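Written out below as structure tokens is the structure these notes cover.
The values are calculated or read from the model by the stated rules, or taken from the named source; none is laboratory data. Since we're looking at a predicted model, the values are computed, not measured. Cβ placement follows ideal geometry from the backbone for every residue including glycine, while neighbour counts extend to all protein chains displayed.
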Amino acid sequence: MPRSHGERKRTRKKLSKRKRERGLSPISRAIQRFEPGESVHIRIDSSVHKGMPHHRFHGMTGEVKGERGRAYIVEISDGKRQRKKVKELFIRAEHLSPQSEGTQ
């Protein structure tokens, strides 16, 4: 059987929702606003396909640098200690959640 090489390969557990969360996401998640300099968590909502980051960034925390259209520019540091790379991701608001003050 041929192997899948798509964008969402090997994400069966990572992008699946629990029973009560299935279906469309609430509209309040899509209209939330973020200011530049604000810290956000990247939590992929699998019911919204537009503006979805790659699944390797799921669970990471980044900083909002600005807006581009309906998406936000989120800067994250990726890599090991010696070779940290700063990456810019374009993510829509449905896949972001604000970082609370007490969480690090």
Screening Ser28, Ser16, Ser4 for residues that are of a type in the set (S, T, N, Q), without any contact (Cβ under 8 Å) to a residue 60 or more places away in the chain and touching a Ser or Thr at 6+ places or on another chain (Cβ under 8 Å) leaves only Ser16
Please pick out the residue among Ser16, Ser4 that is in a loop (DSSP other than H, G, I, E, B), modelled with pLDDT of 90 or more, among the small types (Gly, Ala, Ser) and loosely packed, with under 12 Cβ neighbours inside 10 Å. Ser16
Would you call Ile73 surrounded by 13 or more Cβ atoms within 10 Å (Cβ to Cβ), in contact (Cβ under 8 Å) with a residue 12 or more places away in the chain and part of a strand (DSSP E or B)? yes
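Residue by residue, here is whether (1) free of Cβ contacts under 8 Å to residues at least 24 places away in the same chain; (2) part of a strand (DSSP E or B); (3) touching a Pro at 6+ places or on another chain (Cβ under 9 Å); (4) over 22 Å from Arg12 (Cα atoms) holds:
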| position | (1), (2), (3), (4) |
| --- | --- |
| Glu35 | no, no, no, yes |
| Val40 | no, yes, yes, yes |
| Ile44 | no, no, yes, no |
| Gly51 | no, no, no, no |
| Gly62 | no, yes, no, yes |
| Glu67 | yes, yes, yes, yes |
| Gln82 | yes, no, no, yes |
| Val86 | yes, yes, no, yes |
